[in-house]
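Worksheet: the structure to be examined is printed underneath.
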Amino acid sequence: MKIWEWKTIRNDQEIYYYNASRNFIPEEFAGQLFEMIQEEKERKNKRGIVFLCIGTDRSTGDSLGPLIGYKLNQMKISKATVFGTLERPVHAMNLENYMAVLRTCYQDDLIVAVDASVGNREHVGYVTLGKGALKPGLGVSKELRSVGDIFITGIVGSCGNYDPLMLQSVRLSVVMQMADCISRSISLVEKFWDNTAFV
């Protein structure tokens, strides 16, 4: 069975695309994410994991990260640390501070960066997953430092329009659907960790 819509290579990164609005199967996304986490933890000799959910609730299109962080806290994720929620978002103004905290207190943790992104118009509503860092802020022409060992993004708008106001007009239903798919998948990854602990 095909577990993603398609796969592409960009800058030597394999990127998997999942349609959040059609035939999204959380178990399949979770399985791919779990495999990536296990591979990268072993390759980089990391022990823990941090989900760094980037964005702000002040913009509908950029609220994907904080919504996912909020949902993960509601699900009481216990085997990973979550930064970036509706109450305490991680965004352009404080990202460097969080990066400093990660460098000093979480050197042994793998970082999964989660953020909204822009892409082709026909890809709006897709979730992407890949190894490597992501560059937050590109959708609104901000130059921020790359972050993460693995990335998850939700495509909320078209890259043909870099106007920050575009993010204000993104429908909340699109963002919420992706947030539900991603947070449900991450909660399943935690169950996979539980199962492998008994193997």
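The values are calculated or read from the model by the stated rules, or taken from the named source; none is laboratory data. Not measured: the values here are computed from a predicted model. Neighbour counts run over all protein chains shown; Cβ positions are idealised from the backbone, glycine included. Ligands, DNA and RNA are stripped out before the accessible areas are found, and what is left, the full protein with its side chains, is counted by its heavy atoms. Shrake-Rupley method; radii C 1.70, N 1.55, O 1.52, S 1.80 Å.
A Cβ distance below 9 Å, combined with a sequence gap of six or more or placement on separate chains, defines the contacts here; from region 78-92, residues that are under 11 Å from Phe51 (Cα atoms) reach residues that are open to solvent by 50 Å² or more (accessible area, probe 1.4 Å) and in a loop (DSSP other than H, G, I, E, B) in the pairs Thr81/Tyr106; Gly84/His91. Pairs meeting the criteria (first residue in region 97-114 and under 25 Å from Ser185 (Cα atoms), second residue assigned to a helix (DSSP H, G or I) and among the small types (Gly, Ala, Ser), beta carbons under 8 Å, at least 6 apart or on different chains) are Val114/Gly65; Val114/Gly69. Is at least one residue of region 144-155 open to solvent by 70 Å² or more (accessible area, probe 1.4 Å) and either modelled with pLDDT under 80 or touching a Leu at 6+ places or on another chain (Cβ under 7 Å) (or both)? The answer is no; no qualifying residue exists. Taking strands (runs of 3 or more DSSP E) as the structural unit, those lying wholly within region 7-120 and holding at least 1 residues that are open to solvent by 30 Å² or more (accessible area, probe 1.4 Å) correspond to 13-19, 81-83, 109-119.
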